[in-house]
Amino acid sequence: MNDFSKRTTRFASLALALGLLLAVTSLGCAQLKPWEREIHARQDMAWDPNGLEAQRRGHVYFAKEAAMSGGGGGGGGCGCN
Amino acid sequence: MKRRPVLPTRWHPGALSFAFALVFAWHANPAMALDEGEQAPSFTARSLNGTEKVSLSKFKGKVVYLDFWASWCTPCLVSMPLVDELRKEFPDDELQVVAVNVDNDAAKGRAFLQRRPVGFPSASDPGGQIPEKYGITTMPTSFLIDRGGIVRYVHKGFRKADVSDLREKIQALVNEGSVPAKRATGGGRR
């Protein structure tokens, strides 16, 4: 077997091993049915449990950081946006 | 020394693809959502207050509005009183509203109904067998079932503005009378 074949075989074996590892470990994932989402529906599970507060913080952040369009809002960092 | 590969090299991409396909097939587990025109699966379950059984077949001959709800599902809670109001617009022998509560803890569903009582029965299905049968994909989902037990309309989600549309659809089914139109020709789908 030449070097090229050896490398190819090694690569393929590694890929197979990784694939199988992924296959086996991903079995730990579970898909929730719509009626099983009680815990996910809790307010403290939301990205922003308080939408208004998150918006206010975002606004202050963009104004202070002179950042533009970070959260979808425009502005030049003059503090007036 | 020559070392034999574990598998012929050309097998590996195929084996990998097969492994991935197997895993995805396993995980995809597509819910077979019940479609309009199909027979509504029958069910019997204990009512939420635990005193009686709720059975879909009991209401055959009436137009049935079947609603899946849970105490943690905000639009469901919006829908309950509105559906109750809608129910009152139709005679009791024409329209029956049946709810299925899917709370793991039935007490939470009961607590909501104590705060906001409604005039229709709620079955309790903490195991989720009934929504599984109906293949619901979102909460809330409601099904309009005609007098012959055929699903005629599937309503996903709920907003206050949906009431007028639901009213029209219920009215249309009520107007069909005791023999649903187009049944013999395999109709029923819209």
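Values quoted throughout were computed directly from the atomic coordinates according to the rules given, and no laboratory measurement underlies them. Owing to the predicted nature of the structure, the values given are computational and were not obtained by experimental measurement. So basically every Cβ, Gly included, is an ideal-geometry build from the backbone, and we count neighbours across all protein chains shown.
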Average beta carbon contacts from partner chains per residue of A:10-23, 10 Å cutoff: 4
Ordering of A:36-48, B:122-134 by burial proxy (mean other Cβ atoms within 10 Å per residue, highest first): B:122-134, A:36-48
B:R46 long-range amide H proximity, modeled H, under 5 Å: B:V54, B:S124
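Would you work out if the range B:72-154 is rounded, prolate or oblate? Take a ≥ b ≥ c from the square roots of the eigenvalues of the alpha-carbon gyration tensor; rounded if a/c is under 1.5, else prolate when a/b is larger than b/c, oblate otherwise. Before the final figure, lay out each step's value.
Working: a/c = 1.83, a/b = 1.14, b/c = 1.60.
It comes out oblate by the Cα gyration axes.
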From phi via Karplus (6.51, -1.76, 1.60), per-residue ³J(HN,Hα) for the range B:138-145 in Hz, x at Gly/Pro: 8, 10, x, 10, 10, 10, 9, 10
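Would you mind classifying the range B:34-190 by shape? Square roots of the alpha carbon gyration tensor eigenvalues, ordered a ≥ b ≥ c; an a/c under 1.5 is rounded, otherwise it is prolate if a/b is larger than b/c and oblate if not. Display every interim value, and only then the final one.
On the way: a/c = 1.64, a/b = 1.47, b/c = 1.12.
Cα axes put the range B:34-190 in the prolate bin.
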Computed label-point distance, nm, for sites B:K88 and A:K6 using a 7 Å Cα→Cβ extension: 8.6
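Rounded if a/c is under 1.5, else prolate if a/b beats b/c, else oblate: with a ≥ b ≥ c from the C-alpha gyration tensor eigenvalues square-rooted, which is the range A:1-70? Working shown, then result.
Working: a/c = 7.72, a/b = 1.85, b/c = 4.18.
Here the range A:1-70 falls in the oblate category.
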Separation of the B:Q171 and A:V24 label points, Cα + 7 Å toward Cβ, nm: 6.3
